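The values are calculated or read from the model by the stated rules, or taken from the named source; none is laboratory data. It should be emphasised that the depicted structure is a prediction, and the values quoted were computed from it without experimental measurement. So basically every Cβ, Gly included, is an ideal-geometry build from the backbone, and we count neighbours across all protein chains shown. Quick note on the areas: whole protein, heavy atoms, side chains included, nothing else; ligands and nucleic acids left out. Shrake-Rupley method; radii C 1.70, N 1.55, O 1.52, S 1.80 Å.
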Amino acid sequence: MQETYTELEAGHIKSVCTQFYYKVEKLCYRVVIHYFDNVMYKDFETYKDYQKNHDMLIRAMHGNSIIPNIFSPLKRENENQLEIH
């Protein structure tokens, strides 16, 4: 079950992954995080926005900061299908 958070304790983010995908013919970026038992994501259409937010996230993780939650829950077709370690 997904929980809703208004803020994230960056020290509890277990992993960060970047996925690249094309939207029509434009390269886009998705940051996926594993936070407690939740898998969440945020899409970015420009490299500049992706880089700014990714860098902020990594700095927050190193500083164990509290950050606003800009991520949405990743919807899964089968709860047992996706395992991130």
Loop-only check: which GluC sites (Glu not before Pro) in region 4-78 are DSSP coil with at most 16 other Cβ within 10 angstrom? GLU25, GLU45, GLU77
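Can you put PHE20, PHE36, PHE44 in order of accessible area, largest first, using a 1.4 Å probe? Intermediate values should be presented prior to the final figure.
Values: PHE20 130, PHE36 85, PHE44 15 Å².
Largest to smallest exposure gives the sequence PHE20, PHE36, PHE44.
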Expected field for THR46, accessible surface area in Å² at 1.4 Å probe radius, rounded to 10, holds 60
Tell me, in nm to one decimal, what length is gained between LEU74 and MET56 on full extension, where the rule is 0.36 nm per residue of separation less the Cα-Cα distance? 4.4 nm
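Which of rounded, prolate or oblate describes region 1-75 when judged by the alpha-carbon gyration tensor and an a/c cut-off of 1.5? Please report the intermediate quantities before stating the final value.
On the way: a/c = 2.29, a/b = 1.43, b/c = 1.60.
In terms of gyration-tensor shape, oblate.
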Under 5 Å between amide hydrogens, which residues at least 5 positions from LEU74 or on another chain qualify, with H placed 1.01 Å from N in the peptide plane? VAL39, MET40, TYR41
